[in-house]
2 protein chains.
Amino acid sequence: MSILSGAAAVLRLFSVERQELSVTDVARLLDMPKSSASRLLRAMLNQQLLMHAGDTPRYRVGHLIFETSRAYFGHSHLVDLVDGELLELCQATGHTGYISMLDNEDVLVLRVHLGTQPLRVVTPHGSRRKAFATSTGRSMLARLGAAQVDTLTLDHARSEKSPKTHAALEHILGEIRCKGWAEAEDEEIPGVASIAVSIADARKSELLSFCLVFPAHTIAQGERANYAARLVAAARRIAAQVDDPFWTQRHPLKIVAA
Amino acid sequence: MSILSGAAAVLRLFSVERQELSVTDVARLLDMPKSSASRLLRAMLNQQLLMHAGDTPRYRVGHLIFETSRAYFGHSHLVDLVDGELLELCQATGHTGYISMLDNEDVLVLRVHLGTQPLRVVTPHGSRRKAFATSTGRSMLARLGAAQVDTLTLDHARSEKSPKTHAALEHILGEIRCKGWAEAEDEEIPGVASIAVSIADARKSELLSFCLVFPAHTIAQGERANYAARLVAAARRIAAQVDDPFWTQRHPLKIVAA
DNA sequence: ATAAGAGTCTCGTTTTTTGCAACCGTAGTT
DNA sequence: AACTACGGTTGCAAAAAACGAGACTCTTAT
């Protein structure tokens, strides 16, 4: 195991539930000798991938991770615009919301706004999500050309509900282009439904998606139509500020849940 | 140079202005042979510290950085509450705002909201800021005990205006405890003033600060008092939700700019 | 005073990393 | 069509870093 893979493994140990790590934690969780764990954590500390947790010998995520993330996205005007709208939506509906982008064939989550309702969707940490098998992914795929869509590999979907052929996917993407929003239910996450819209700043080649996720069995079709309408309205407000023709050059749509 | 220091150096090359890197970029910027750069970037890609920029041979920041940052802070209820308030403040005033935490003796910036005014403060990327020499840092230091404050090293300040002795610092922190907000001018960043408040979620041992920064010469004292009042009001609203006794157990203060 | 556990350090060995130089693929120029 | 330039990759021997066992230190609990 190279030291870089060891460092990556350490970073993956952090989570909302595990904000600090000790030498013994790392040795145990990564099944490595204590001396190796001690040196690895010390080396990561020196590079600011980790920092000390106060005066304790425990370690926390370091400056470099936040600085890299922030330098990369902390100044995105589009992310800020979306963030403001999504925050309001999550507060109003009580559901969790995500802001994501495409990473080749996967969805990369940038921001999360947790819902406030007792029954809440929490995404498994670090899991990779295929774009074609999620509403948020499909909302962004709808902005790609057919040539790009045809190169996607449509396997490893967790649900029978995900499209299995490029023709089926193109059909769904056509619907999304028409109505402006995407939905998924019982696909990537069992028992969970989601509704997503996309937004782009063409001048900066930035394409994002934001969505609401909720337990599928608790939300009626009428309420889902309401969520879709609010997401579309939010996307339109953002689009007016960044001049996204996907929204600004389309007629107001009749919002109908499938 | 160990591969870990090389990887950290690569991550530091990213910025708002530099969202992608090629092998040649890294070789040139880090003064290393092309083969070393090629293999280093490939190794980082394999560990998801980097990802490919579409079909090009260029690299972008990878999943692991965002996942680590998000897993660590993306779910912070306190950060979300502060973020919502700060977003509104920045939109209302047009100035840049930061959300930060303490990292031992330094300030670690978590979120940035850029202002909208033409004359805007932009913090140098990756710079370390001493807590005792910034308003946002002092607002958090005001919540520490005297014993902890006395262990701080009060050197390397960029300005003569920063406190030089622990007695002087304690005096300033006493004022901050009394009025609830901190200010700085011409200290860490020449020509720039800032006003900050702190907020804590004691149940989760989370201490944050948020602030507005602006060019010092353009804002009159009366307007600064207005900013301080709005920051205090925002802190109070958050404090009511997380039960922060620093705010909820103090009388409404007369807001007076020093 | 003793035991247990967390964490550090030494040192010989092993593994990884390095950089030179050659090479490949692509694009532009003649 | 041939040549040049550039970005990026690969083989290989050498150099450097990393490894892990085991001894050690320090702290805490009994």
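Some points to look at:
- In region B:244-253, the residues that are within 16 Å of B:L81 (Cβ to Cβ), part of a helix (DSSP H, G or I) and out of contact with any Ser or Thr (no Cβ under 8 Å at 6 or more places or on another chain): B:W247, B:T248
- B:V232 falls short on exactly one of the conditions (1) modelled with pLDDT of 90 or more; (2) closer than 19 Å to B:E105 by Cα; (3) aliphatic (A, V, I, L, M), and that condition is (2).
- Flag for B:L13 being more than 9 Å from DNA strand D (Cβ to nearest atom) and in the same structural domain as B:H63 (by TED's automatic domain parsing): yes
- Here B:I3 fulfils each of the conditions (1) open to solvent by 20 Å² or more (accessible area, probe 1.4 Å); (2) more than 8 Å from chain A (Cβ to nearest Cβ); (3) near DNA strand D (Cβ under 10 Å from one of its atoms) apart from (2).
- Only one of the numbered conditions (1) of a type in the set (V, I, T); (2) assigned to a strand (DSSP E or B); (3) modelled with pLDDT under 85 is violated by A:T153, and that is (2).
- Screening the candidates B:H77, B:H63 for the property of being touching a residue at least 12 places away in the same chain (Cβ under 8 Å), more than 16 Å from DNA strand C (Cβ to nearest atom), open to solvent by 20 Å² or more (accessible area, probe 1.4 Å) and facing chain A (nearest Cβ under 8 Å) yields one hit, B:H77.
- Every condition in (1) open to solvent by less than 10 Å² (accessible area, probe 1.4 Å); (2) within 11 Å of another protein chain (Cβ to nearest Cβ); (3) under 30 Å from B:A234 (Cβ atoms) is met by B:V82 except one, and the failing one is (2).
- Among (1) more than 10 Å from chain A (Cβ to nearest Cβ); (2) within 12 Å of DNA strand D (Cβ to nearest atom); (3) out of contact with any strand residue (DSSP E or B) (no Cβ under 7 Å at 6 or more places or on another chain) - the single one B:E20 does not satisfy: (3)
- Single condition B:E20 does not satisfy, out of (1) away from DNA strand C (no atom under 15 Å from the Cβ); (2) more than 22 Å from A:D103 (Cα to Cα): (2)
- Wholly enclosed strands (runs of 3 or more DSSP E) of region A:179-243 bearing at least 1 residues at negative phi, in contact (Cβ under 8 Å) with a residue 60 or more places away in the chain and open to solvent by less than 30 Å² (accessible area, probe 1.4 Å): A:192-201, A:206-215
The values are calculated or read from the model by the stated rules, or taken from the named source; none is laboratory data. Nothing here was measured: the structure is a model prediction, and the numbers come from that model. Neighbour counts run over all protein chains shown; Cβ positions are idealised from the backbone, glycine included. Surface areas here come from the heavy atoms of the whole protein model, side chains and all, with no ligands, DNA or RNA. Shrake-Rupley method; radii C 1.70, N 1.55, O 1.52, S 1.80 Å.
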